[in-house]
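Heads up: the structure comes next, in structure tokens.
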Amino acid sequence: MTLPVIPGRIEVITGPMFSGKSEELIRRLKRARIARQRVACYKPDIDLRYHRTSIASHSSQTHEACTVTNVEHLKAELLPQLHEVDVIGIDEAQFFDATIIPLIVELVHLGKRILIAGLDTTFNAEPFGPIPALMAISDEVTKLSAVCMVCGAPAIHTQRLGQSQELVLVGAAGIYEARCRTHFEPFADDQHTEQLELLSI
Ligand code: ADP
Ligand code: MG
């Protein structure tokens, strides 16, 4: 007789850039390893800041990770080794499309603990990709704040500096900074929204 599977858990770690999402994800993954749980971590290949085989925080903490191009690729990497994995980490999850949502639901019903880190809003303060929906279906949401680079208050926004029109300028220093509500200045430019839609994020 096969025992029924006890569902796992969905944990979302969110907030603006520099709020410590990757740090917190890495901390939870390391603790899971200490508890002798088997861990797998993934990130989209849009984030090429650091090594392709690890995730990294702005404070230079790292954890081994597999770089995938999209949700299908993530599935293809994960499913063959699923029976050997207890905890699944995903960083920069805002860059995956909405097909990640049913995958996460499937995984949680297979008993997996899924740790999802990602931006909740774009640099235009709009909901970012699948993160808001994942927050809604999660067991736990950790919403972190950064430090506003103008006044030092808690920051919930990611400010894009300069006038670059490119969507994918991931993590480049001096291009983004954390800002509080008072000091955040959104782009008043519909082109950015269109670019986000074109890329389905
Ligand atoms: P995220 O994944 O949310 O972008 P990281 O975990 O990569 O954040 O980095 C968090 C670290 O970034 C902090 O511990 C701190 O060392 C550094 N940092 C740089 N700028 C800021 C800021 N404005 N607010 C908070 N932390 C900052
Ligand atoms: Mg990060």
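The values are calculated or read from the model by the stated rules, or taken from the named source; none is laboratory data. Small disclaimer: the values here were computed from a predicted structure and weren't measured. Note that we place each Cβ from the backbone using ideal geometry, even for glycine, and neighbour counts take in every protein chain shown.
Go through the range 74-99 and count every residue that is buried (at least 16 other Cβ atoms within 10 Å of the Cβ) and farther than 25 Å from ARG31 by Cα.
So the answer is 2.
State all residues of the range 44-62 that are more than 11 Å from ligand 1 (Cβ to nearest atom), at pLDDT 90 or above and touching a helix residue (DSSP H, G or I) at 6+ places or on another chain (Cβ under 9 Å); if no residue qualifies, say none.
Scanning the range 44-62 gives PRO44, ASP45.
Would you say SER138 is polar (S, T, N, Q), farther than 21 Å from VAL68 by Cα and at pLDDT 95 or above?
yes
Test SER19 against the criterion of being within 13 Å of ligand 1 (Cβ to nearest atom), under 19 Å from LEU144 (Cβ atoms) and loosely packed, with under 13 Cβ neighbours inside 10 Å, and give yes or no.
Here the answer is no, as SER19 does not meet what is asked.
Working carefully through the options ILE46, ILE90, ILE13, find the one that is under 29 Å from ALA155 (Cβ atoms), among the β-branched types (Val, Ile, Thr) and without any contact (Cβ under 8 Å) to a residue 60 or more places away in the chain.
ILE90
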